[in-house]
Amino acid sequence: MGSLLMEKNNELIETEHPRKSKGVKIEREAYAVAADLILKQIRQEEDATLATLIAEAEKTITTYPNVAWLVFHVKLDLEAKGFIRLMPSRLKKNVFVLRLTSKARQKGKSFDYYQ
């Protein structure tokens, strides 16, 4: 896969923010890797939190220098586009978990997040 940071031919995409504020620019390849990891974790784990997503990403994404920043902004973009949502945990007080929306479940395992 190579380095995900500053590859010459890697297109930048601008993310969206759930509160309609300005997003950030992320390389398409880095975005795809992080989005796949986030959606996979949420499918597998009933109570996925941002902390568990970042911990898993830090184990598996080794070619990007600031994994926590990447995961946070891709998570915000997936929320803004309606693929995931933040909900209060049923099991733990004051904890929010991430869930797939019906839009994400209908799309299946592989789809284009950038549109």
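Only the coordinates and a few stated rules stand behind these numbers; no lab work does. What you see is a predicted model; the values in this text were computed from it and never measured. Ideal geometry is used to build each Cβ from the backbone, glycine not excepted, and the neighbour counts take in all protein chains shown.
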What do you reckon, is Thr49 surrounded by 14 or more Cβ atoms within 10 Å (Cβ to Cβ) and of a type in the set (S, T, N, Q)? yes
Just one of Pro65, Pro18 is surrounded by 14 or more Cβ atoms within 10 Å (Cβ to Cβ), part of a loop (DSSP other than H, G, I, E, B) and in contact (Cβ under 8 Å) with a residue 40 or more places away in the chain; which is it? Pro18
How many residues does segment 29-60 contain that are in contact with a Leu (Cβ under 7 Å, 6 or more places away or on another chain), farther than 16 Å from Leu98 by Cβ and not small (Gly, Ala, Ser)? 3
Kindly provide the set of residues from segment 21-45 that are over 13 Å from the mean Cα position of the chain (by Cα) and without any contact (Cβ under 8 Å) to a residue 12 or more places away in the chain, ordered by number. Ser21, Lys22, Gln44, Glu45
